[in-house]
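J.: This is the structure, below, for whatever I ask next.
Just so it is clear, none of the values below were taken in a lab; they were calculated from the coordinates. Since the structure is predicted, the reported quantities are computational estimates derived from the model, not experimental observations. Note that we place each Cβ from the backbone using ideal geometry, even for glycine, and neighbour counts take in every protein chain shown.
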Amino acid sequence: MKIVVYTTRTCAYCKQVMKWLEHKGKKYTTYDVTDDVEMRKELYEKTSYTTVPIIQVGEKYIVGPQFGKLAELIA
């Protein structure tokens, strides 16, 4: 299952999510959207949110550090 964490350079919550995933032994990819206007627009169209972290697990998206929801999706 593919996990992608969309982040920015200054996102503290993003770092928490990545640390949590590492603690769970899950491999993930990060994508920094700080300067990527097109990717931010695409994420907004998919999630209706402009904040990060946005975590993509397979085809599903989680917005924010929702560890309970994330645990369900990666189980």
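J.: Strands (runs of 3 or more DSSP E) wholly in the chain with at least 1 residues that are touching a Cys at 6+ places or on another chain (Cβ under 7 Å) and of a type in the set (Val, Ile, Thr) - which ones? Give the steps one after another, and end with the answer.
T.: Details: elements: 3-7, 29-32, 54-57, 60-63.
Qualifying strands (runs of 3 or more DSSP E): 3-7.
J.: Looking only at segment 19-70, count how many residues are touching a helix residue (DSSP H, G or I) at 6+ places or on another chain (Cβ under 6 Å) and over 21 Å from Met1 (Cβ atoms).
T.: Number of matching residues: 2.
Conditions (1) surrounded by fewer than 12 Cβ atoms within 10 Å (Cβ to Cβ); (2) hydrophobic (A, V, I, L, M, F, W, C), marked per residue:
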| position | (1), (2) |
| --- | --- |
| Thr7 | no, no |
| Thr10 | yes, no |
| Gln16 | no, no |
| Thr30 | no, no |
| Asp36 | no, no |
| Arg40 | no, no |
| Glu45 | yes, no |
| Val63 | no, yes |
| Gln66 | no, no |
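J.: Follow-up question, since we're still on this one. Quick check, is Val57 among the β-branched types (Val, Ile, Thr), more than 16 Å from Thr8 (Cβ to Cβ) and surrounded by 14 or more Cβ atoms within 10 Å (Cβ to Cβ)? First the steps, then the outcome.
T.: On the way: among the β-branched types (Val, Ile, Thr): yes; more than 16 Å from Thr8 (Cβ to Cβ): yes; surrounded by 14 or more Cβ atoms within 10 Å (Cβ to Cβ): yes.
It is true that Val57 is among the β-branched types (Val, Ile, Thr), more than 16 Å from Thr8 (Cβ to Cβ) and surrounded by 14 or more Cβ atoms within 10 Å (Cβ to Cβ).
J.: Starting from segment 62-75, keep only residues that are closer than 11 Å to Tyr13 by Cβ and free of Cβ contacts under 8 Å to residues at least 40 places away in the same chain, then list their pairs with residues that are of a type outside the set (A, V, I, L, M, F, W, C) and surrounded by 12 or more Cβ atoms within 10 Å (Cβ to Cβ) whose Cβ atoms are within a distance under 9 Å, requiring at least 6 positions of separation or different chains.
T.: Final answer for the pair search is Val63/Thr47; Val63/Tyr49; Val63/Thr51; Val63/Pro53.
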